[in-house]
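Here's the structure, in C-alpha cells; my notes come after.
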Amino acid sequence: MPVEAASTFRRLISMTRGSAFHLDQHGAHLPGDLAFSSWKTRLPLAEDGHGWRRLVRSSTARGVSFRRVRVVSEPLVPSIVYAYAVTEQLNAAAGLEVRWLPRPRTAGLAFPRLDCWIFDGRAALLYHFDAFGEIERAEVTFVPGPIDYYRLLFAAAWDRAVPHQEYRPGAW
C-alpha cells in the first residue's frame, strides 16, 4: 500500500469512535508483498502483522467495531488463500470481524469497482487500483451520498456473507 494511503487510513482510524467497515473486493497480495511472499515460502508471519494487529487492538480497546466483508471468487486465487489462512491470526485475534462473500451470493447487489473503508458512517476511504492490481491512490470523501451508498451496500453484503469461522472455500 502506498505510504500516503496507509497514513490516510491511520489518520481516519485515529478519529473513528464507533465503527470501521471494509468492503474488500480486491484483496490481492502481489509478489512484492513481503507478508504474502513469506507465507508462500512458509516463513512465519511477523508477530504483529506489520503493525496491523496493534492498530486494530488499540482501536477496539477504545470502542471501535472493526468489520470486513471479503468478496471472493472461487476457487480462491493464491493471494486470497493467504488472506483466508492468516485471518484468524492477523484479524480475528485482534478484534476484526471478517465475513466471506462468494460472488454467486452477490446477485442483485451493485458493487462499484473500488474497495472502501467506512469510518463512523461519516467518511469513506476509496482505493483506486492500477492495471497491475496495486493501489494507485486513495481518495477520501465526506459526501453523504456516496458514504450512504457504501454503508448500505456493506450492510447488505454483511447479511449475505459467511462468518469466517463457518466459511470453507469452495463449499458455497
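Take residue 148 and tell me if it is over 21 Å from residue 80 (Cα atoms) and in contact with a Gly (Cβ under 7 Å, 6 or more places away or on another chain).
Criteria not met by residue 148.
Looking only at the range 89-98, which residues are open to solvent by 50 Å² or more (accessible area, probe 1.4 Å) and within 29 Å of residue 132 (Cβ to Cβ)?
Scanning the range 89-98 gives a single hit, 89.
Which of the residues that make up the range 126-146 are part of a helix (DSSP H, G or I) and more than 22 Å from residue 10 (Cα to Cα)?
Listed by number, the list holds a single entry, 145.
Of the residues in the range 119-139, how many are closer than 22 Å to residue 64 by Cα, hydrophobic (A, V, I, L, M, F, W, C) and open to solvent by 60 Å² or more (accessible area, probe 1.4 Å)?
Selection size over the range 119-139: 0.
Among the residues of the range 147-172, count how many are assigned to a helix (DSSP H, G or I) and either closer than 13 Å to residue 69 by Cβ or open to solvent by 30 Å² or more (accessible area, probe 1.4 Å) (or both).
Qualifying residue count for the region: 13.
Which of the numbered conditions does residue 143 fail, given that it passes all the others? Conditions: (1) among the β-branched types (Val, Ile, Thr); (2) over 21 Å from residue 170 (Cβ atoms); (3) crowded, with 18+ Cβ neighbours inside 10 Å.
(3)
Tell me, which residue of the range 49-75 that is open to solvent by 30 Å² or more (accessible area, probe 1.4 Å) and part of a loop (DSSP other than H, G, I, E, B) is modelled with the lowest pLDDT?
Only one residue tops the list, namely 50.
Of the numbered conditions (1) touching a residue at least 40 places away in the same chain (Cβ under 8 Å); (2) over 15 Å from the mean Cα position of the chain (by Cα), residue 96 fails exactly one; give the number of that condition.
So the condition that residue 96 fails would be (2).
The values are calculated or read from the model by the stated rules, or taken from the named source; none is laboratory data. All values reported here derive from a predicted model rather than from experimental measurement. Cβ: placed from backbone, ideal geometry, glycine included. Neighbour counts: every protein chain shown. The accessibility values were calculated without ligands, DNA or RNA, using every heavy atom of the protein model including side chains. Shrake-Rupley method; radii C 1.70, N 1.55, O 1.52, S 1.80 Å.
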